[in-house]
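**Student:** One structure, pasted below without further comment.
The numbers here are math on the coordinates, done by the rules we state, and not lab data. Treat the numbers as computed from the prediction; the structure is a model and nothing was measured.
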Amino acid sequence: MSPEQRLVDAKDESGHRQRSTLRQEIPLLIGMTLVWGALWQDFAVGNLVFGLLISLLLVRVFRLPPIILSGRFNIWRAVVFILAFLRDITRASFEVMFLAIFRGPRTTSAVITVTLRTESDLLATFVGHVLTLVPGSYVVEVDRRSSTLYLHVLNVNDQAGVEKARAAVLLIEERLIRMMGTKEELAALNAETTAPNNQDGAPS
């Protein structure tokens, strides 16, 4: 998909805007509901139900730009993603607290760029939200044409720190692709993961 095509609303053969089925929108609705709870810092059942109703209203009534969903959702990978997300928040909170107490103004930061593997607006948005919710980083800007995120990251002192931060972002994207990416994205990710092993075993 070219950068220009990604900026054109998805349409069917008759020229009408495509509408996703409710089943396809389930991951989107779950994500929007969780974001609602995170924004209010309230994950009580009543608040989440209200957030779900608002999400349904936004998806079904307002003419939002169409989001192309993959049609697949792996529940086990979703559990892994949530557990890793909670672990990252906990660890980052302690790291930021340590920096605030012991390093203070001497703490350095950097603005880095990370080009994602995915071309999905939905996945790129999820990556951005996760990064913003984890203490110590937030998204400054997004280049939709190239799926590039510009991030402000705390406690980056050298190039090794930059690469470590990029690797952390790509790991979040990997978890999301395994959870709800397209079959093509998943296959490309698996090929990327096994490529180093194949190269090591290839004859010289």
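**Student:** As a test of understanding, state the convex hull volume per residue of region 35-152 from its alpha carbons, in Å³.
**Tutor:** 142 Å³
**Student:** Treating each Cα of region 119-183 as an identical point scatterer and ignoring solvent, apply the Debye formula and state log10 I(q)/I(0) at q = 0.13, 0.16, 0.19, 0.26 Å⁻¹.
**Tutor:** -0.35, -0.52, -0.73, -1.24
**Student:** Gain in length, Asn74 to Thr194, computed as 0.36 nm per residue apart minus the alpha-carbon separation, to one decimal in nm? List each step's numbers first, then the result.
**Tutor:** Values: separation 120, 0.36 × 120 = 43.20 nm, distance 2.09 nm.
Full-extension gain reported as 41.1 nm.
**Student:** Quote to one decimal, in nm, the extra length available between Leu58 and Leu83 on full extension: 0.36 nm per residue of separation minus the C-alpha distance between them.
**Tutor:** Details: separation 25, 0.36 × 25 = 9.00 nm, distance 2.81 nm.
My answer for the length gained is 6.2 nm.
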